Amino acid sequence: MVDQRTSALIAVDMQNSFIGGNLAVLGSELIIDTVNELIDAFDNVILTQDYHPADHICFYQNHANKNVFDVINLPYGKQILWNAHCVIGTDDVNFHQNLLVDKAQLIVRKGFHRQIDSYSAFLEADRRTKTGLAGYLQERDISHVYVVGIATDFCVAWTAMDARTFGFDCTVVMDATASININGSLNQAIKAMKEKGVAFSQSSDILNKIN
Ligand code: VGL
Ligand code: ZN
């Protein structure tokens with residue numbers, strides 16, 4: 001059973017950018033209905049929003065002689081360079097128009113520090129700077145998070161693994177996620193999530209356990 005009082009759904013980065021926009025993720029439009037069914041079913045709903053200034057360090061356009069998907073070394077470690085995406089003030093950063101955003105109790109914005117990327121909704125890429133999400137969940141006595149959204153192998157995976165790091169039970173609802181899958185990143189992410197004790201489920205199973 002899903003205990004509604006102590007559970008929250010975290011829908012990661014269901015934004016125009018990833019759904020046909022500047023960092024379009026294949027098949028991501030196909031998960032919107034499933035994510036909405038889950039948003040509808042859960043009492044506690046949190047959205048995350050990738051939220052970058054135009055001069056952000058993770059954009060290849062902000063580095064000389066670099067291409068999309070190149071990897072650079074930053075003080076906090078390796079950083080993949082992405083096409084400019086989710087730029088604050090553009091339509092690319094907005095949630096997809098069909099997403100049930102009104103149900104959200106909290107929207108966690110991440111990636112707004114120019115020098116630090118943040119795939120995770122808990123902890124930025126320097127692995128020090130906290131977003132405040134763990135404290136929020138703890139204050140609300142939420143102990144189990146169900147993670148869906150985009151991308152399975154980046155922001156979903158990092159959010160799910162950090163949920164475990166901060167002591168939460170965590171289930172990724174796989175058919176409500178869409179992946180980028182570059183250079184084996186999906187298999188790698190699934191392996192890493194398993195090692196962290198993340199559980200995997202399907203939306204039909206979760207919806208049955210709620211209703
Ligand atoms: C994401 C790459 C860059 C994601 C965000 O939402 O998975 N991926 N920024
Ligand atoms: Zn980003």
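I'm checking my understanding of the structure. Among residues of the range 92-109 that are of a type outside the set (Val, Ile, Thr) and under 13 Å from PHE18 (Cβ atoms), which one is nearest to ligand 2 (Cβ to nearest atom)?
ASP92
Looking only at residues that are more than 8 Å from ligand 1 (Cβ to nearest atom) and of a type outside the set (Val, Ile, Thr) in the range 18-27, which one is most open to solvent (accessible area, probe 1.4 Å)?
LEU26
Contact list please: Cβ distance under 7 Å, first residue in the range 151-162 and under 9 Å from ASP13 (Cβ atoms), second residue surrounded by fewer than 24 Cβ atoms within 10 Å (Cβ to Cβ) and of a type in the set (S, T, N, Q), pairs at least six apart or on different chains.
ALA151/SER179
Might you let me know whether the range 119-127 holds any residue that is within 16 Å of ligand 2 (Cβ to nearest atom), touching a helix residue (DSSP H, G or I) at 6+ places or on another chain (Cβ under 8 Å), polar (S, T, N, Q) and touching a residue at least 24 places away in the same chain (Cβ under 8 Å)?
So far as the range 119-127 goes, yes, one or more of its residues are within 16 Å of ligand 2 (Cβ to nearest atom), touching a helix residue (DSSP H, G or I) at 6+ places or on another chain (Cβ under 8 Å), polar (S, T, N, Q) and touching a residue at least 24 places away in the same chain (Cβ under 8 Å).
Taking the stated definitions as given, is ILE88 away from ligand 2 (no atom under 13 Å from the Cβ), in contact with a His (Cβ under 8 Å, 6 or more places away or on another chain) and without any contact (Cβ under 8 Å) to a residue 60 or more places away in the chain? Walk me through it before giving the result.
On the way: away from ligand 2 (no atom under 13 Å from the Cβ): no; in contact with a His (Cβ under 8 Å, 6 or more places away or on another chain): yes; without any contact (Cβ under 8 Å) to a residue 60 or more places away in the chain: yes.
Spelling it out, it is not the case that ILE88 is away from ligand 2 (no atom under 13 Å from the Cβ), in contact with a His (Cβ under 8 Å, 6 or more places away or on another chain) and without any contact (Cβ under 8 Å) to a residue 60 or more places away in the chain.
The values are calculated or read from the model by the stated rules, or taken from the named source; none is laboratory data. Since this is a predicted model, take the numbers as computed values, not measurements. In this analysis, Cβ positions are derived from the backbone assuming ideal geometry, glycine residues included, and neighbour counts consider all displayed protein chains. Each accessible area value is taken on the protein alone, full model and side chains, heavy atoms only, with ligands, DNA and RNA left out. Shrake-Rupley method; radii C 1.70, N 1.55, O 1.52, S 1.80 Å.
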